[in-house]
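Encoded as structure tokens, the structure appears first; notes follow it.
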Amino acid sequence: MLVHQFLEGSAERQPEKLAVIHGNTRATYAEADQVANRFANELIAKGIPRGNRMAILLENSLSHITAYYVILKTGGITVPLFPSTTKEELTYTLSQCEAKAIICNDRPTDLLEKCLPKLKDLFIVTHKGRKTAFASGAQPE
């Protein structure tokens, strides 16, 4: 059983049970699954194909857990990154791992903008809480 299958099963069997507690933020299995399904469907609709690497540039939070869960649901490969990474480290890692997308909140976008000239094919997904926005250095194929 894969991690996302375990979470989906938990959402089905125990929808009201708390899945995540982070500070004052709480989410049940049903809520986490619902948000992840919507987000995963948005990624698929944008054309990000199964099997691609997708980076996560988020601090520890519900958004990070959701992004990880979403990537697994879409059949992607996660590339977790530290939010404290430098422009050089980010550029190198993203180019070497050949990530097709990066999921971040609105804070590190300045850092990403500095990297974009070297990462022309990178698709940027901004995710904060339950909202998702798409922008890009390129659109997925």
Which stretch or stretches of the range 65-98 have amide N atoms under 11 Å from the point lying 7 Å from Arg13's Cα along the Cα→Cβ direction?
none
Using Cβ counts within 10 Å as a stand-in for footprinting exposure, how do Thr86, Thr66 rank, fewest first?
Thr86, Thr66
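Holding the Cα-Cα limit at 28 Å, pick out from Lys46/Lys114; Lys17/Lys100; Lys17/Lys87 the pairs that are longer than that.
Listed pairs above 28 Å: Lys17/Lys100; Lys17/Lys87.
Would you please put 7-20, 29-42 in order of how densely packed they are, using the mean number of other Cβ atoms within 10 angstrom per residue and starting with the highest? Kindly include the intermediate steps, with their values, before the conclusion.
Working: 7-20: 14.6, 29-42: 18.9.
Going by the mean number of other Cβ atoms within 10 Å, highest first, we get 29-42, 7-20.
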Compute the distance from the alpha-carbon center of the range 3-23 to that of the range 83-101, in whole Å.
31
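Since every read-out is calculated from the coordinates, none of them should be taken as a lab result. Just so it is clear, the structure is predicted and the values come from calculations on it, not from any experiment. Here the Cβ is made from the backbone with ideal geometry for all residues, glycine too, and neighbour counts use every protein chain on show.
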